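The values are calculated or read from the model by the stated rules, or taken from the named source; none is laboratory data. Just so it is clear, the structure is predicted and the values come from calculations on it, not from any experiment. As a convention, Cβ positions derive from the backbone with ideal geometry for all residues, glycine included, and neighbour counts pool all protein chains shown.
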Amino acid sequence: MKSPVLWRIVILAGLVILLEVLCVAGVIDKLTMQPPHRILTDLFAMLATGALNKAIAKTLGNALIAFIIAMVVGVTSAIVIHRLRRVRDTLEPLFATYYAIPVFAFYPMLIVLLGLGDAPQIFIGAMLGVVAVIVNTLNGLDRVPGVLLKTARINQMSPVDTALRVTLPCASPYILTGAKLAVAYSLIGIIGAEFIMSSGGMGYEISFAYNNFDNATMYPLILLILLVSISINMMIARWEKVLMARRGLR
Amino acid sequence: MNVTQTAQTLLSNQVSLRKVDKVFSPPGKPADAVHALGPIDLELHHGEFFAVVGPSGCGKSTLLELIAGLSTATSGEVAFEGKPIEGRIPDGVGVVFQEDASFPWLTVSDNIAFGLRRMKLPPGEKARRIEKALAMMGLVPFANSYPAQLSGGMRQRVCIARTLVTEPRLILLDEPFGALDQQTRLLMGDEVLNLWRKTGATVFLITHALDEAAMLADRIGVMSARPGRLIDIVETGWSRDRDSRIVQEEQFGAITARLWRSLRQESMKAIGKIEAAT
């Protein structure tokens, strides 16, 4: 095993063990946090009984929709913006400051506009991710060598065909970087929105458990969110690595 | 010239350029217009190997882009097989560029198949053509490799194979060996000569290497410094079955010397040693 990977595992395992020792020794009291082994067994029990399956399905389903919207809108907008120099010059400074906007602050307005259902939550999730996708896709499109576009023209490809068969595949490692961020932002958006404006989902259940001192539900849910987000991210990172290696870039 | 002779000339000319000029003018700034090329009159005969040499920035690649239909002439007419090109990419024309144009996300085989995308061929015929192109360019062992796993010369072979698979009647080569070392260039030159003989296609080669032009071409057009015009056309007189060993012949030295005689002044103009003639 490569030593950096080994070191990462050692550091993470060390932190978990430290937490376990502090919890078991009573330095961290039970009302504040359960020991990690309890969190894990509670998570298995929770998944086995299926008590929160509906909440988990709602959150992950909405995050998936938000992610898909962020990807489709992000990639399509990037292709259009990339072709229109003036639009790009106008929008680029806005993209740079976009993440300074606290999207959650708009939640009352979003409820007025989109109602009390899942729509405002999905909107926040998608809004958080979309600009990361646009910025990374533009970065990828900038790096498409001109000679590949000439080759597309020689092959008499239409602009749509060129985008689908040449520019997007060429920019795909950069689009995947955007996708990694969009996964994280979609989950942050959906769970954050559930904390403040929902009556269901993992965010709502965490908040509900917190208000009722129900650590046996709260911590397993937090762990589950972590596991889902990290697993998806690692999968995309692996895919990205394969693509880069194929091109001799890493 | 009688009627029969005129008809023969038309039939034997695959590409014709008449009084072609190219001026690049930035939008809204006519004062900054650059006269890149022309006027140029040129005929390419069916099945010949024509090379163009000229100083840097003289518009060699612009000339190739006009014939490929990648760019339109500001004035004059460019025709392929009797039909005006006017910025449309004509069928039957293949281009190999100097830069690596292989698609890094596709295998060698898929890269070659890409050339056939717009052709409606039965699957069996497609597979046959891909196999033939792989074999012709010595790429069979690398059919499933990705371009990043190949050397620069091998990647250029992939690009040539992708062009060959379409069985073009006119192959345009834009300094295809510019990024390769001298030995690889000589060997690739042999391969291009071989392909030219086997396919019977017309080859139009842009190069800055005088020896490459002298070795490969039947006729060599020498271009002036910008705006690029043809100032000399040299007939090499080589037999069709030549290969890179002709570099040791006296005639090779004489051709290269003549090319340099025509080009020296122009190259000095291009690098600013002599004021460009207006």
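Is one or more of the residues making up the stretch B:24-34 buried (at least 18 other Cβ atoms within 10 Å of the Cβ) and not hydroxyl-bearing (Ser, Thr, Tyr)?
Within the stretch B:24-34, not a single residue is buried (at least 18 other Cβ atoms within 10 Å of the Cβ) and not hydroxyl-bearing (Ser, Thr, Tyr).
Given the structure, is residue B:161 in a helix (DSSP H, G or I), in contact (Cβ under 8 Å) with a residue 40 or more places away in the chain and under 22 Å from residue B:199 (Cα atoms)?
Yes.
Which condition number in (1) in contact with a Phe, Trp or Tyr (Cβ under 6 Å, 6 or more places away or on another chain); (2) free of Cβ contacts under 8 Å to residues at least 12 places away in the same chain is the one that residue A:208 fails?
Among (1) in contact with a Phe, Trp or Tyr (Cβ under 6 Å, 6 or more places away or on another chain); (2) free of Cβ contacts under 8 Å to residues at least 12 places away in the same chain, residue A:208 violates only (1).
Can you tell me which residue within the stretch B:111-121, out of those that are without any contact (Cβ under 8 Å) to a residue 24 or more places away in the chain and away from chain A (no Cβ under 11 Å), is nearest to residue B:138 (Cα to Cα)?
B:121
Taking only pairs six or more apart or across chains, which ones have beta-carbon atoms under 7 Å, a first residue in the stretch B:249-272 that is under 16 Å from residue B:207 (Cα atoms) and not assigned by TED's automatic domain parsing to the domain that holds residue B:224, and a second residue that is assigned to a helix (DSSP H, G or I) and modelled with pLDDT of 80 or more?
Hits for this filter: zero, empty list.
Report whether or not residue A:208 is surrounded by fewer than 18 Cβ atoms within 10 Å (Cβ to Cβ), in contact with an Asp or Glu (Cβ under 9 Å, 6 or more places away or on another chain) and either more than 14 Å from every other protein chain (Cβ to nearest Cβ) or outside any helix (DSSP H, G or I) (or both).
Spelling it out, residue A:208 is indeed surrounded by fewer than 18 Cβ atoms within 10 Å (Cβ to Cβ), in contact with an Asp or Glu (Cβ under 9 Å, 6 or more places away or on another chain) and either more than 14 Å from every other protein chain (Cβ to nearest Cβ) or outside any helix (DSSP H, G or I) (or both).
Suppose we filter the stretch B:54-70 for residues that are touching a Lys or Arg at 6+ places or on another chain (Cβ under 7 Å) and within 14 Å of chain A (Cβ to nearest Cβ); how many remain?
4
So that you can scan it fast, the table gives a plain yes or no per residue for (1) within 14 Å of chain B (Cβ to nearest Cβ); (2) not β-branched (Val, Ile, Thr):
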| residue | (1), (2) |
| --- | --- |
| A:86 | yes, yes |
| A:109 | no, yes |
| A:112 | no, no |
| A:128 | no, yes |
| A:134 | no, no |
| A:142 | no, yes |
| A:150 | yes, yes |
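Does at least one position in the stretch B:143-158 carry a residue that is over 16 Å from the mean Cα position of the chain (by Cα), surrounded by 22 or more Cβ atoms within 10 Å (Cβ to Cβ), outside the structural domain of residue B:59 (by TED's automatic domain parsing) and not in a helix (DSSP H, G or I)?
Taking every residue of the stretch B:143-158 in turn, none turns out to be over 16 Å from the mean Cα position of the chain (by Cα), surrounded by 22 or more Cβ atoms within 10 Å (Cβ to Cβ), outside the structural domain of residue B:59 (by TED's automatic domain parsing) and not in a helix (DSSP H, G or I).
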